[in-house]
Amino acid sequence: MRLPVKVIPSLGQRIGRVIGNIVSMLIGVAMLINFAGPGHERSAWYFVAVAAALFLTGLGGATVGLINVFGGSPFQHLIIDRQGITVRKIWRPQRFSWKDLGPFHTYRSSIRPRNSGPRYAIAAEAIGTIQGGTAGFWPLSRSATLRIPAATYLRTPWLVIGSMEPFADDAVAWLEQLRQLALMDRLAEEELRDWPFAVVLPLTDEGQAAGPGQSHAADSTDNTFGKRRKPVVER
């Protein structure tokens with residue numbers, strides 16, 4: 001497969017986000033029903049505010065999640081092309097040029113829920129972004145960090161026992177080779193294999209989907225591309 005491509009979270013990740021937001025909605029409704037019962041002080045407006053916030057947040061998240069499930073994940077994806085990487089989040093896209101990105105490394109977050117393992121991401125420091133890369137409420141910054149959540153985008157077995165670190169390391173090595181090819185102006189020549197991502201959709205040069213039936217899970221026919229370990233950076 002050649003660039004450009006669109007990388008989206010796995011179907012399980014997208015459905016999981018919808019379920020989580022529906023649970024938030026149900027908690028908000030349960031709190032409102034409980035508050036409306038006898039014996040509650042009507043002056044406790046903050047209780048209603050919290051319940052309403054849970055419900056509305058869950059409703060908005062579930063709506064966006066369903067669009068992502070059935071609409072090709074327009075609010076959460078990566079675009080990888082010959083010029084750089086675009087990270088699309090719900091509020092804004094952020095675009096990084098290959099020439100502005102430093103070496104990729106494995107990022108391990110030290111902030112995590114109790115009794116859970118560390119969260120890993122593929123990261124690269126950047127100085128400057130492609131013009132128009134940052135939109136929304138925030139102005140264009142001259143420095144930024146590209147961070148791709150490993151659990152969201154990477155191809156893993158159905159049941160991961162242990163750490164996500166080996167999968168993040170492989171993705172780091174793969175993307176670093178891609179960056180080196182870009183710096184040598186060889187991306188157009190290479191047929192890319194062994195994509196470390198769960199779902200990869202080919203795009204036309206204009207950024208449109210290449211057509212039905214052409215979406216791919218990562219190609220696993222040759223495991224020699226990108227298999228080397230990178231140091232872990234903890235912050």
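Since every read-out is calculated from the coordinates, none of them should be taken as a lab result. Because the structure is a prediction, the values reported are computed rather than measured. Every residue, glycine as well, gets a Cβ built from its backbone with ideal geometry; the counts of neighbours run over all protein chains shown.
For this structure, a couple of remarks:
- Pair S110, A188: separation of 7 Å Cα→Cβ label points (nm): 4.6 nm
- Distant-in-sequence amide H partners of A198 (H built 1.01 Å from N, under 5 Å): L154, R155
- K99 paired with S163, simple spin-label distance in nm, labels 7 Å along Cα-to-beta-carbon: 3.7 nm
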